[in-house]
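Read the structure below first, then the notes.
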Amino acid sequence: MKTFITTIFALALTATIISAGNIGGSGVEIGESVPDFTLPDAAGEVHTLSEYDDKYIVLEWLNHDCPFVRKHYDTGNMQKLQARYGEKDVVWFTIISSAPGKQGYLEPDEALAITREKEAKPFALLLDPEGDVGRAYGAVVTPHMYVIKPGGTLAYMGAIDDNPSANPDDVEGARNFVSEALDNLLDGRSVEVTTRQPYGCTVKY
């Protein structure tokens, strides 16, 4: 019975990855200007993307109920990235685009509480319950990652790494495309991998 349940769970995760590649489409292109937006964070402060036009920016789509997201948060991988690049003056926006009543949706106080519980370190946790920003960027899964250069042009979009698994053990040794892109950009070098098929749970618009 245990083997059967494990097999069904693995098939469900695989279906998630496959379907994520077949829905929606990117609303942004590498090297092009990204859409500006204004969203409130979980603490009630309003952020407009263009206000941070002089900085490198990361956009991370989030759903804490997604096993692929838990892989990166339960191991502390996402928090370490947020803290490391925050110290380098990178603006890291985590975005929740789940609609009310859908998996991953959080009221502001709930979002603040789980951020503290997870010891997450984003610059701000933005709430997009209407899904307008997620759709504008073509975000289809959680986590779906974007790296934006100063001036507002897109440098990277797609998967966080090259191991499309929900197993926390697979974080170690994976090639992390987000940290690679940021390190290259901060060192004045070009981004080697600019796109990678995203994997995860579908965004619950």
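Here the range 181-205 is the region considered, the condition is being touching a Gly at 6+ places or on another chain (Cβ under 6 Å) and hydroxyl-bearing (Ser, Thr, Tyr), and the residue that is surrounded by the fewest Cβ atoms within 10 Å (Cβ to Cβ) is THR195. Of the residues making up the range 52-67, those that are of a type outside the set (Lys, Arg) and in a loop (DSSP other than H, G, I, E, B) number 8. Kindly indicate the residue of the range 80-103 that is within 12 Å of the chain's Cα centre (by Cα) and assigned to a helix (DSSP H, G or I) and also surrounded by the most Cβ atoms within 10 Å (Cβ to Cβ) among those meeting that condition. Ranking the candidates gives LEU81 first.
Applying the selection to the range 131-146, what residues are closer than 19 Å to THR48 by Cβ and of a type in the set (A, V, I, L, M, F, W, C)? Quick ask: steps written out before the conclusion?
At the first step, the residues of the range 131-146 found to be closer than 19 Å to THR48 by Cβ are 131-137, 139, 146.
Once the filter is applied, which keeps residues that are closer than 19 Å to THR48 by Cβ and of a type in the set (A, V, I, L, M, F, W, C), the range 131-146 yields VAL133, ALA136, ALA139.
Pick from the range 15-57 the residues that are among the aliphatic types (A, V, I, L, M), farther than 16 Å from SER97 by Cβ and modelled with pLDDT of 95 or more: which of them is surrounded by the most Cβ atoms within 10 Å (Cβ to Cβ)?
If we filter the range 15-57 for residues that are among the aliphatic types (A, V, I, L, M), which is where we start, we get 15, 17-18, 20, 23, 28, 30, 34, 39, 42-43, 46, 49, 57.
With farther than 16 Å from SER97 by Cβ added as a condition, the list becomes 15, 17-18, 30, 43, 46, 57.
This time we only want the ones that are modelled with pLDDT of 95 or more, so: 30, 43, 46, 57.
Numbers: ILE30: 14, ALA43: 12, VAL46: 11, ILE57: 21.
Applying the filter and picking the extreme gives ILE57.
Taking the listed residues ALA111, ALA155, ALA120, ALA136, the one that is surrounded by 15 or more Cβ atoms within 10 Å (Cβ to Cβ) and either without any contact (Cβ under 8 Å) to a residue 40 or more places away in the chain or part of a loop (DSSP other than H, G, I, E, B) (or both) is ALA120, with no other qualifying.
Checked against the criteria, VAL178 does not count as touching a residue at least 60 places away in the same chain (Cβ under 8 Å), of a type in the set (Val, Ile, Thr), buried (at least 21 other Cβ atoms within 10 Å of the Cβ) and in contact with a helix residue (DSSP H, G or I) (Cβ under 6 Å, 6 or more places away or on another chain).
Go through GLU130, GLU192 for me and flag whichever is assigned to a loop (DSSP other than H, G, I, E, B), farther than 16 Å from HIS72 by Cβ and without any contact (Cβ under 8 Å) to a residue 24 or more places away in the chain. On inspection, the qualifying residue turns out to be GLU192.
The values are calculated or read from the model by the stated rules, or taken from the named source; none is laboratory data. What you see is a predicted model, and the numbers here were worked out from it, not measured in a lab. Note: ideal-geometry Cβ built from the backbone for every residue, glycine included; neighbour counts use all protein chains shown.
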